[in-house]
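Notes for the one structure printed next.
Read the figures in this text as sums done on the coordinates, not as results from a lab. Not measured: the values here are computed from a predicted model. Please note: Cβ atoms are built from the backbone with ideal geometry, for glycine as well, and neighbour counts cover all protein chains shown.
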């Protein structure tokens, strides 16, 4: 592996004194520009892992390093998207996408003088994900899939080096979810940023990720690391291939074993 962009070294996480560990002896190395997925049983600490990497939570023990620096607080270089798009209902689609540029430096200090440039950039991004013409629409005027597309644009508008995704497509129907797999793959292939995707959908993990990590039951730790040999760009037709199905079944077998342990 090339130089690690994200590294977790013997990380433990306990939310409160006296509680059991959420994560223990968690080790992970993610290369710059790598797309990884984390799968495992419910409650195994997948979302906690994202909070540690983003700096929203400090590790109880061990170290979390991103871009060569130990994480000591919330990172400016990451974007985040969740299962709920969390768009602000009083802001238009365009205004929602622009929100990180109003908050994150150095963009914040440039907003007044470069607003038109930023709006043009956001409009191009929305057009690229199929939302051209919806810039002035409000979230309640968009379908769930359209809201999630806008959420992805918002997470990427400030060109973060790291994208953290927590079940971003879990609430959508199967057809819309698969469309958004292609949308995300397209955005990533245009500018390969580092991605950590937490998902329960094993097909989603195989479709999107370069590397897939399987976690144990709580307290979570990494049990298995799969390297995904499928070529890119991946297509929906690939999901019917034997090699794709074999990877999904292999992951499912590991998770069943974890649950039975």
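Key figures for this structure:
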item	result
Segment 189-246 - Rg (one decimal) and Dmax (whole number), Cα, Å	12.6, 37
Where N is the number of residues in segment 1-72, Cα Rg divided by 2.2 N^0.38 Å	1.08
Angle in degrees between helix 93-103 and the longest Cα principal axis of the chain, rounded to the nearest 10	70
Cα-derived Rg to Rh of segment 217-261, Kirkwood definition	1.07
Compactness index (Cα Rg / 2.2 N^0.38 Å), the chain	1.02
Among 190, 179, 227: highest mean-square fluctuation, GNM of the chain, C-alpha pairs under 10 Å	190
Relative frequency of Cα-Cα separations exceeding 16 Å in segment 90-181, percent	54
Segment 156-216 and segment 228-261: distance between their alpha carbon centers, rounded to Å	15
Highest-fluctuation residue, 205, 155, 22 considered, GNM on the chain with Cα pairs under 10 Å	22
Cα pair count fraction exceeding 19 Å, expressed as % - segment 121-175	30
Histogram of C-alpha separations across segment 1-43, 5 Å bin width, %	6, 17, 20, 24, 16, 11, 5, 2
Hydrodynamic radius (Kirkwood) for segment 117-257, which is based on Cα pairs only, to one decimal in Å	16.5
Pair residue 171, residue 32: separation of 7 Å Cα→Cβ label points (nm)	3.6
Rounded to 10°, Cα long-axis angle of helix 144-156 versus longest principal axis of the chain	90
Rg [Å, one decimal], Dmax [Å, integer] - segment 1-146, C-alpha atoms	18.5, 53
Relative contact order, percent, the chain [alpha-carbon distance under 8 Å, six or more residues apart]	26
Between 0 and 90°, nearest 10: helix 242-260 axis offset from the chain longest Cα axis	60
